[in-house]
Amino acid sequence: MTVTPQNDEARPGDALVRAGGIVFIAGAVATLATMAPLFLDVDPFPSYAWAVCMLMGVGFAISAAGVLRSASAQRRAAKASQGF
């Protein structure tokens with residue numbers, strides 16, 4: 001069994017994954033806040049509040065880009081270590 005060394009340095013894509021998570025959470029909170037009036041039987045929020053809910057998808061896309069960037073950097077490092 002191989003053991004992956006743990007290092008504390010940031011890898012490519014880590015910042016994108018972290019930022020995407022924050023944007024996703026902001027969108028999730030906006031979604032909860034926007035859906036609450038529907039269940040509480042009060043006036044719904046205006047349409048721009050519903051647009052803020054789209055941050056969930058944007059955050060997911062940002063995180064996915066970070067994961068892809070990290071994977072490509074690991075692939076390049078593996079090729080470089082094999083001498084290709």
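Quick notes on this one:
- Pairs where the first residue, in the stretch 70-84, is within 13 Å of Gly13 (Cα to Cα) and the second is in a helix (DSSP H, G or I), C-beta under 9 Å, 6+ apart: Ser70/Asp14; Ser70/Leu16; Ser70/Val17
- Test: residue in the stretch 56-70 that is part of a loop (DSSP other than H, G, I, E, B) and of a type in the set (S, T, N, Q): no
- Any hit, the stretch 42-54, residues being over 14 Å from Gly13 (Cα atoms), open to solvent by less than 50 Å² (accessible area, probe 1.4 Å), in contact with a helix residue (DSSP H, G or I) (Cβ under 9 Å, 6 or more places away or on another chain) and outside any helix (DSSP H, G or I): yes
The values are calculated or read from the model by the stated rules, or taken from the named source; none is laboratory data. Bear in mind the structure is a predicted one, so any value in this text is a computation, not a measurement. Neighbour counts are summed over all protein chains in view; Cβ atoms, including those assigned to glycine, are modelled from backbone coordinates with ideal geometry. We work out accessible area using only protein heavy atoms, side chains counted, and drop any ligands, DNA or RNA first. Shrake-Rupley method; radii C 1.70, N 1.55, O 1.52, S 1.80 Å.
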